[in-house]
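Values in this text are rule-based calculations from the coordinates and carry no lab data. The structure presented is a predicted model; accordingly, all values stated were derived computationally and were not measured. Cβ atoms come from the backbone with ideal geometry, glycine included; neighbour counts cover every protein chain shown.
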């Protein structure tokens, strides 16, 4: 079965510091994609970053990077130089061939402290 | 703005009623996904369509149905509504159905069943 686990319900970070949001996944598929989304208090879901299972390099998008450790089945999101606007819920998601759907974790609420 | 539109933004109705939620995907996207987000269940995948055909089914109740029309817009029909159906309903779209196609989410429809 496909499963995404986010074990940090809430996280706090000081403005301008870096923060890591944890995500582990479970799949028996060899090919899969991993995604991170941000949901601010306004409710919309914003795509942040993608990592393919065969990508050898960690994905980066501006201040976001994905720390992909395939053997450990983890896909942690690293946000560098946190800003107040980063305060939001963050969801990790996976898509695999089996089931052909997106599986989302329960999310991590990040609060950036001035 | 993701380019995915959803109407209406808010919907308040009574138990036992039927409602229709509408979604227009981003220009060029052939795939549409529906999700339900509630406080106790998190983000639940309901159903996916690709170019008019159903591609994947998740935790969609029998009281719920969806379709994708030739112009690629999609509708989610919810009938015999119960209090527990109150949630934020998201539509998302992607170019295709491969593992590498990220989804772009609409702003959501907040349904309140009284």
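Between residue A:1 and residue B:62, the distance separating the two model label sites (each 7 Å from Cα on the Cα→Cβ line) works out to 2.2 nm. Model label points for residue A:98 and residue A:54, set 7 angstrom from Cα along the Cα-to-Cβ axis, are 2.0 nm apart. Across the range B:8-36, the residues whose backbone nitrogen lies under 18 Å from the label position 7 Å along the beta-carbon direction of residue B:55 are B:23-36. Place a label point 7 angstrom from the Cα of residue A:73 along the Cα-to-Cβ direction, then list the residues of the range A:1-23 whose backbone nitrogen is under 20 Å away. Output list for this probe position: A:1-9, A:21-23. The ranking of B:75, B:62 from fewest to most other beta carbons within 10 Å of each one's beta carbon is B:62, B:75.
Sorting B:1, A:29, B:85, A:22 on the 10 Å Cβ count, fewest up front, what's the list? Result, fewest neighbours first: B:1, A:29, A:22, B:85.
Note on chain B: with a GNM built from Cα contacts shorter than 10 Å, the maximum mean-square fluctuation among B:52, B:96, B:16 falls on B:16. Working from label points 7 Å from Cα in the Cα-to-Cβ sense, the residue A:80 to residue A:106 distance is 3.2 nm.
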